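So the structure is just underneath, and the comments pick up after that.
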Ligand SMILES: Cc1cc2nc3c(=O)[nH]c(=O)nc-3n(C[C@H](O)[C@H](O)[C@H](O)COP(=O)(O)OP(=O)(O)OC[C@H]3O[C@@H](n4cnc5c(N)ncnc54)[C@H](O)[C@@H]3O)c2cc1C
């Protein structure tokens with residue numbers, strides 16, 4: 001039987017499994033079904049592999065529910081601190097004895113450090129930042145076919161590697177986690193023996209008080225500022241931030257707004273920013289460039305406010321409002337009595 005490994009990521013503060021791992025497990029489980037449909041001989045199972053000093057039973061159960069047939073913990077207290085080469089070497093040791101045909105990595109800061117190290121050592125390719133992974137039939141063979149944006153997202157490229165294991169990184173929120181698979185599965189602990197120490201030592205951790213990240217992972221409502229909000233007084237980005245605050249929404253922005261230094265990079269949504277899957281996404285003066293759409297298209301309801309009735313964003317919107325977005329912001333602030 002063939003195998004898809006999902007490289008599992010934990011929150012090292014409490015060893016809880018990060019959401020992106022569940023998303024990849026659900027996708028991996030769906031891939032096993034896809035392969036069978038294309039060819040009943042193509043039988044795959046899914047394995048979630050974590051490096052950790054421990055993993056609580058409830059977390060392991062959630063992994064089965066999300067789509068894991070088997071959970072593996074490569075166990076050592078050294079994993080309480082993230083050292084990329086230690087994590088890499090431990091995984092490689094495990095993988096040498098327990099190889100798989102496919103490895104899915106999260107395209108998180110940690111995953112982006114580890115995936116290229118692992119694939120370089122395995123002398124195989126890595127398709128990074130995929131927005132889709134599927135099996136397709138090629139010359140009557142079932143092949144793993146990840147897709148990613150290319151040429152500044154003007155094109156989507158499906159890239160079929162020549163060599164196994166076939167590896168891809170996938171960003172958080174690209175796929176949806178579903179917790180409906182099963183309650184139990186196989187579990188093993190693997191004790192690594194020969195991994196090398198990292199040459200980097202963690203001396204101390206300092207909390208970044210500037211809070212350089214904006215967490216969009218659980219954002220329900222997102223208000224996104226586009227360049228259409230810019231004017232000589234430059235007051236509407238702050239006004240939209242204010243509106244986001246009082247409505248308990250998340251403020252976001254396009255890259256153009258960030259590139260012009262109108263708001264900080266942490267707010268950027270899109271191919272080179274964060275991905276959101278909000279219940280409601282409202283775009284204020286956003287044109288709808290494909291690189292931006294990549295980061296918000298999975299939102300449930302999309303409302304766009306734009307003065308140009310032919311704006312590209314309207315193609316992706318459930319509701320279109322052809323209006324001056326600044327006036328809409330003023331009206332909403334007046335409604336909440338804070339203008
Ligand atoms: C490699 C690469 C990566 C990129 N990554 C990203 C990314 O991650 N995220 C991202 O967002 N972009 C990204 N971009 C940039 C992207 O191509 C666009 O340039 C950008 O998204 C445009 O931002 P915008 O919609 O705010 O501005 P514009 O394209 O200038 O659009 C402004 C819109 O506002 C409308 N407007 C003007 N005045 C008003 C008003 N008063 N009321 C209402 N509407 C008004 C206009 O009709 C227009 O549609 C990337 C580009 C490249 C090449």
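With respect to residue 283, determine if the residue is free of Cβ contacts under 8 Å to residues at least 40 places away in the same chain, in a strand (DSSP E or B) and under 25 Å from residue 171 (Cα atoms). So residue 283 does not fit the description; no. Residue 72 meets all of the listed conditions (1) farther than 18 Å from residue 15 by Cβ; (2) assigned to a strand (DSSP E or B) but one, namely (1). Which pairs turn up if I take residues in the stretch 227-239 that are touching a residue at least 24 places away in the same chain (Cβ under 8 Å) and look for partners that are assigned to a loop (DSSP other than H, G, I, E, B) and more than 8 Å from the ligand (Cβ to nearest atom) with beta carbon separation below 6 Å, at least 6 apart in sequence or on another chain? Pairs found: 237/262; 237/263. Candidates 263, 258, 328: the one that is within 13 Å of the ligand (Cβ to nearest atom), in a loop (DSSP other than H, G, I, E, B) and either under 29 Å from residue 147 (Cα atoms) or in the same structural domain as residue 225 (by TED's automatic domain parsing) (or both) is 263. Taken over the stretch 306-325, the criterion of being under 30 Å from the mean Cα position of the chain (by Cα), in a loop (DSSP other than H, G, I, E, B) and within 7 Å of the ligand (Cβ to nearest atom) is satisfied by 311 alone.
Restricting attention to the stretch 240-257, and to residues there that are in contact with a helix residue (DSSP H, G or I) (Cβ under 6 Å, 6 or more places away or on another chain) and more than 19 Å from residue 280 (Cβ to Cβ), which single residue is surrounded by the fewest Cβ atoms within 10 Å (Cβ to Cβ)? For the stretch 240-257, the residue satisfying everything is 256. The combined condition, being surrounded by 23 or more Cβ atoms within 10 Å (Cβ to Cβ) and in contact (Cβ under 8 Å) with a residue 60 or more places away in the chain, is not fulfilled by residue 17. From the list 228, 288, the lone residue that is on the phi > 0 side of the Ramachandran plot, near the ligand (Cβ under 8 Å from one of its atoms) and not in a strand (DSSP E or B) is 288. Looking across 120, 157, 128, one residue alone is part of a strand (DSSP E or B), without any contact (Cβ under 8 Å) to a residue 24 or more places away in the chain and surrounded by fewer than 21 Cβ atoms within 10 Å (Cβ to Cβ). It is 157.
Tell me yes or no: at least one residue of the stretch 95-108 is farther than 29 Å from residue 149 by Cα and within 22 Å of the chain's Cα centre (by Cα). Within the stretch 95-108, none of the residues are farther than 29 Å from residue 149 by Cα and within 22 Å of the chain's Cα centre (by Cα).
Check the stretch 6-27 and report whether any residue there is more than 22 Å from the chain's Cα centre (by Cα) and farther than 27 Å from residue 201 by Cα. Checked the stretch 6-27: no residue is more than 22 Å from the chain's Cα centre (by Cα) and farther than 27 Å from residue 201 by Cα. Tallying residues that are crowded, with 22+ Cβ neighbours inside 10 Å and touching a strand residue (DSSP E or B) at 6+ places or on another chain (Cβ under 8 Å) within the stretch 277-287 yields 7. Of all the numbered requirements in (1) within 12 Å of residue 294 (Cβ to Cβ); (2) under 17 Å from the mean Cα position of the chain (by Cα), residue 126 misses one, and that requirement is (1).
The values are calculated or read from the model by the stated rules, or taken from the named source; none is laboratory data. Since this is a predicted model, take the numbers as computed values, not measurements. Cβ: placed from backbone, ideal geometry, glycine included. Neighbour counts: every protein chain shown.
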